[in-house]
Amino acid sequence: QVQLVESGGGLVQPGGSLRLSCAASGSISRINYMGWYRQAPDAPGKQRELVAISGGVTNYADSVKGRFTISRDNAKNTVYLQMNSLKFEDTAVYYCNAEVVTTRGYSYSYWGQGTQVTVSS
């Protein structure tokens, strides 16, 4: 069993910053990648959008390049998302995602419970 626990969401004014954290715990042998997705309140079909991912390579959505930075602490099985210059359109529930190889040798994709980020004046 593997759990992802997120923290760091909240209410921030436009132009402000937030830092999200996601810690993975449980029967972990290896983590192939960790990343962040978000679900905007008006997203068609409640689709989750990739924000940033860190694995063999690091990728960002075009909408966040230059403003968001993803980083990992592999010793702590933790991924961070530093969000600067936040805009109204960054308002969403942010979900952590990780591909984990368990101690039994199986690979699964896990999701966190989500953390709300609201950008409002």
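The values are calculated or read from the model by the stated rules, or taken from the named source; none is laboratory data. Keep in mind that this is a model prediction, so the values were computed, not measured. Because the Cβ atoms are built from the backbone with ideal geometry, glycine has one as well, and the counts that use them run over all protein chains shown. For accessibility, only protein heavy atoms count, side chains too; no ligands or nucleic acids. Shrake-Rupley method; radii C 1.70, N 1.55, O 1.52, S 1.80 Å.
Are any residues in the range 82-118 part of a helix (DSSP H, G or I) and either of a type in the set (F, W, Y) or under 16 Å from I70 (Cβ atoms) (or both), and if so, which ones?
Kept after step one, since they are part of a helix (DSSP H, G or I), are these residues of the range 82-118: 88-90.
F88, D90 - these are the residues of the range 82-118 that are part of a helix (DSSP H, G or I) and either of a type in the set (F, W, Y) or under 16 Å from I70 (Cβ atoms) (or both).
Taken over the range 40-57, the residue count meeting the criterion of being of a type in the set (V, I, T) and either under 13 Å from the mean Cα position of the chain (by Cα) or more than 16 Å from N97 (Cβ to Cβ) (or both) is 2.
For the range 56-71, what are the residues that are more than 20 Å from S120 (Cα to Cα) and open to solvent by 30 Å² or more (accessible area, probe 1.4 Å)?
Within the range 56-71, the subset more than 20 Å from S120 (Cα to Cα) is 56-62, 65-66, 69-71.
Those that are more than 20 Å from S120 (Cα to Cα) and open to solvent by 30 Å² or more (accessible area, probe 1.4 Å): G56, V57, T58, N59, Y60, D62, K65, G66, T69, S71.
All conditions in (1) in contact with a strand residue (DSSP E or B) (Cβ under 8 Å, 6 or more places away or on another chain); (2) without any contact (Cβ under 8 Å) to a residue 60 or more places away in the chain; (3) farther than 20 Å from S121 by Cα hold for Y33, with the sole exception of (2).
Those residues that are assigned to a loop (DSSP other than H, G, I, E, B) and either touching an Asp or Glu at 6+ places or on another chain (Cβ under 6 Å) or among the β-branched types (V, I, T) (or both), I need them from the range 59-80; list them, please.
Our first condition is that a residue be assigned to a loop (DSSP other than H, G, I, E, B); within the range 59-80, this holds for 61-67, 77.
Listed by number, the list holds a single entry, V64.
None of S7, S25 is free of Cβ contacts under 8 Å to residues at least 60 places away in the same chain and under 15 Å from Q113 (Cα atoms) except S25. Entry remark, the range 72-113: residues being within 21 Å of G9 (Cα to Cα) and open to solvent by 50 Å² or more (accessible area, probe 1.4 Å) number 10 in total. Here is the figure for the range 1-50: residues that are at pLDDT 95 or above, over 24 Å from D73 (Cα atoms) and open to solvent by 50 Å² or more (accessible area, probe 1.4 Å) total 4. Pairs linking a residue in the range 103-121 that is under 20 Å from D90 (Cβ atoms) to a residue that is among the aromatic types (F, W, Y) and part of a strand (DSSP E or B), with Cβ atoms under 6 Å and 6 or more positions apart or on different chains, are W111/Y95; G112/Y95; G114/Y95; T115/Y94; V117/Y94.
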